[in-house]
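A short worksheet on the structure shown next.
Laboratory data are not the source of any read-out in this text; all were calculated from the coordinates shown. The model shown is predicted, which means the values in this text are computed figures rather than measured ones. FYI the Cβ positions are ideal-geometry reconstructions off the backbone, even for glycines, and counts take in every protein chain you see.
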Amino acid sequence: MTGSDYYVPAVLAAIALAVKSPSFWRTWHSPMSKSIFVILASSTAVFLFSAPPTVERVNRVTGVPNISAPLVYCILTCLSCASLVLVIHWRGGPEETLRRHTRMWIAATAAVVATLCLLFALSDVPVEQQRSFDTFYANTPYVREMIVLYLGAHTATSLVVAAKCWRWARELRALQAAWTHWGLLILVSAFVITVAFALLKLLAVGARWAGTSAWDPLSTEVAPSLAGLGVGVTTVGFLLPVVGPRLESMWVSWRAYRAMEPLWRALEPFAGRGKRMPIHPTSSLEFRAMARSTEIADRLLNLAPHLDGRQRELAERYACAHGCTPDAAVVFAEAATIRAALLAAQGVGPAACGPGSSGVDRSAPLRTQVSGTQGLARLSIQYSEICRSEFLVGGTRPEGD
């Protein structure tokens, strides 16, 4: 692997860290925010300091051959601890229990980091190894123990996090918490990848213990690739439960915004003289959908003198007679009444029920089934269907369920 193979994921993690930085400052008191910060910062640092060009530079600047090795090991250990602490707080529970578990894992991590530094200080590693430190010094006193310690700690932490995520995902499946459920499953696969990374390293080191270097590529070529993949999948797993609902909300709002367009345009003559809600290029999709639904509601109020409640009742009975559910029948009846009112206002179709008409059964406000953004979206879709079929009360079959 070349330097770019390390720097590309480092840059991606750094971008994610920069994007999330404002929210970190706002919620720094939260243990979850601190954990995510450490995860992103550690991911950036692991790849940055693992890159051969950086290894050479750090060794030269410090004057200590192979000092990058324990540095990377310590950062990787901190990354594992932060992942576990994040999952613990993400899962929730009694505050005292969360604090106790967090302190326990942080203390264990500090002990591992201190031991790694001590073992490296006791070792003798004069020959610089930019890519194959683990295998080259696999049989060196103290380095051997250091390698086993960091890989063992990394494997144990990854297995614990994977097990916790798996159990929680099974619980959430019954609760239908889709985004968190899938995020946890992705995290399970991510930490399985990190376990595979550690096992490949151990296999290569074990082969050196057995007296052969034939398995060195597992440590120098395959394992780093798995590490990059693991960090990427881990990032997706942690972000999906946060980003997923937001994307879903945007998609639902966009669909509702587009679905309301036919009814919104049809009611344009009844827009009135009121000032429209300002829509800016940066306005969110949720705001756009809400503004359009508000304008439709205002225009329906202006259309109210032309609405005939008797037509609505007849259309609702017609829809129920043709197999519609009660909710669908209400939507159909409202849409059919609006269609008839617009034609009547234009002097087309049945006689208009204008202001002052004797015996007019003024229409009540829209039912709850067709109020709100999603209700108006359904109403607009049904209105389009009625327009295409040229339905008038007593005419063709309405849209089904």
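Please order Phe287, Phe136 by the number of other Cβ within 10 Å, starting at the fewest. Don't skip to the end; give the middle numbers.
Numbers: Phe287 16, Phe136 20.
Exposure proxy ranking, most exposed first: Phe287, Phe136.
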Label point at Tyr142 placed 7 Å out along Cα→Cβ; residues across region 56-86 whose backbone nitrogen lies under 16 Å: 64-71
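Quick check for me: using +1 on Lys/Arg Cβ and -1 on Asp/Glu Cβ, what's the dipole size of the chain about its Cα centre, in debye to the nearest 20? Please report the intermediate quantities before stating the final value.
Numbers: 36 positive and 27 negative charges, 130 e Å.
In debye, rounded to 20, the chain gives about 620.
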Charge-dipole axis of the chain as Lys and Arg at +1 and Asp and Glu at -1 on Cβ define it, positive-most pick from Leu199, Val38, Ser249: Ser249
Two-site label geometry, Ala111 and Val192: point separation in nm, points 7 Å out along Cα→Cβ: 3.1 nm
The chain: most fluctuating residue of Arg103, Arg276, Arg91 per GNM, C-alpha cutoff 10 Å: Arg276
Length added when fully stretched, Leu239-Leu343, from 0.36 nm per residue minus Cα-Cα: 32.4 nm
Additional length obtainable on full extension of the chain from Cys387 to Arg100, 0.36 nm per residue less Cα span: 96.8 nm
Of Ala177, Ala114, Pro217, farthest towards positive along the dipole that unit charges on Lys, Arg, Asp, Glu beta carbons give the chain: Ala177
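Based on DSSP H runs of at least 4 residues, each adding -39500 (n - 2.57), what is the mean residue ellipticity at 222 nm of the chain after dividing by all its residues, to the nearest 500 deg cm²/dmol? Before the final figure, lay out the partial values.
Details: 14 runs with 289 residues, N = 401.
Computed mean residue ellipticity for the chain: -25000 deg cm²/dmol.
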Residue with peak Gaussian network fluctuation, the chain [Cα springs, cutoff 10 Å], from Gly230, Gly152, Gly372: Gly372
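Which FRET efficiency, nearest 0.05, do Val127 and Leu199 yield, Cβ-Cβ r, R0 25 Å?
Plugging the Cβ-Cβ distance into 1/(1 + (r/R0)^6) gives 0.40.
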